[in-house]
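Since the structure comes first, as structure tokens, the remarks are kept for the end.
The values are calculated or read from the model by the stated rules, or taken from the named source; none is laboratory data. Since the model is a prediction, treat every value here as computed from it, not as a measurement. Positions of Cβ are generated from backbone atoms using ideal geometry, with glycine treated the same way; all protein chains shown enter the neighbour counts. Side chains are part of the model used for accessible areas, which takes the heavy atoms of the whole protein and leaves out ligands, DNA and RNA. Shrake-Rupley method; radii C 1.70, N 1.55, O 1.52, S 1.80 Å.
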Amino acid sequence: MSFADAVRNDLLTVPIRKNCCRRAFIGGLFISALPDGGENGQATARFRAEAIAELGAEQLHIQFAKTADRRRVGSCGRYYEEVSFSSPAFRKLLESLRRPTPDPSETLGFRCEECRSAFLRGLFLSGGTINDPHKPVHLEFTAPIATKETVAAFFEGIGYPAKTVMRGNKCGFYFKESTAVEDLMALMGAHRVIFDVINTRIEREIRNHENRVNNCDTRNLERTVSAAARQMNAIERLRETGKLDNLPEELRVTARLRYENPDFSLDALADLHNPPITKSGLNHRLRRITEAADDL
Ligand SMILES: [Zn+2]
């Protein structure tokens, strides 16, 4: 089962308690349903999964007190579940989705806070996809081009403006930011799977942070080691040539401390002096030592 399927299964169990929310849910779920233009005003929508078609038919029945027709169509392993329904109220709802509007919550008849969640949930079950949490973040809803303005205005209205992309005769509305995707998942009610998403993100963030720290440590260590090696080399040459004793007292002290502690960081080495000296003071002395060796 794909992660998107797990999300769909989670959404299928969310109860719908009010008529206003059910209407919003039906609007999202049947956004792709097209009226057939016949006398009875029948509209038909296709779903990939039987469970989604079943829920759609069930909600239509509760809302409009009428039974929807369901049938399986397709061939060669690609099957769809078709749900056909005719009702003036249903038809009006579908038409309102295709009417450009700056405020879809009004035309779609949202009455309470949960209506937005219900609409979003229907929209995802109708044609939504989401990447597995281990892959790059991507949540996408698709809807017919005729409903593009309504859906875009809906996402604007809830504070999550979507990026759009053409997908054949449909429009994709997508999100690639972790926080937006998590918020939208919570809003549509995918409460069981959202913990997987958040946990995976936190694990990834910790791993990235550790990698950054490790890389940084390694680089610093390499720098420290190569600088120390240069200093050790300089001190040895000064020693061999007897020039070390000609250096001022302070440089001889520093040279000795460095020579005895080749693996010490600059901070540790500065502290070792009596009295301790500053890091920049130490740097200055070490530079004079290596310069003295270079002059040989
Ligand atoms: Zn409601």
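Here is how the numbers come out for the structure above:
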quantity: Candidates ALA49, ALA57, ALA65, ALA24 - the one that is open to solvent by less than 20 Å² (accessible area, probe 1.4 Å), more than 16 Å from the ligand (Cβ to nearest atom) and among the hydrophobic types (A, V, I, L, M, F, W, C); calculated: ALA57
quantity: Given (1) open to solvent by 40 Å² or more (accessible area, probe 1.4 Å); (2) within 25 Å of SER32 (Cβ to Cβ); (3) outside any helix (DSSP H, G or I), number of the condition LYS135 does not satisfy; calculated: (2)
quantity: Residues (assigned to a helix (DSSP H, G or I), within 16 Å of the ligand (Cβ to nearest atom) and open to solvent by 60 Å² or more (accessible area, probe 1.4 Å)) located in the range 1-21; calculated: ASN19
quantity: Filtered residue count, the range 238-283, keeping only those that are assigned to a helix (DSSP H, G or I) and either open to solvent by 90 Å² or more (accessible area, probe 1.4 Å) or aromatic (Phe, Trp, Tyr) (or both); calculated: 10
quantity: Test: residue in the range 122-129 that is at pLDDT 90 or above, within 16 Å of the ligand (Cβ to nearest atom) and in the same structural domain as ARG8 (by TED's automatic domain parsing); calculated: yes
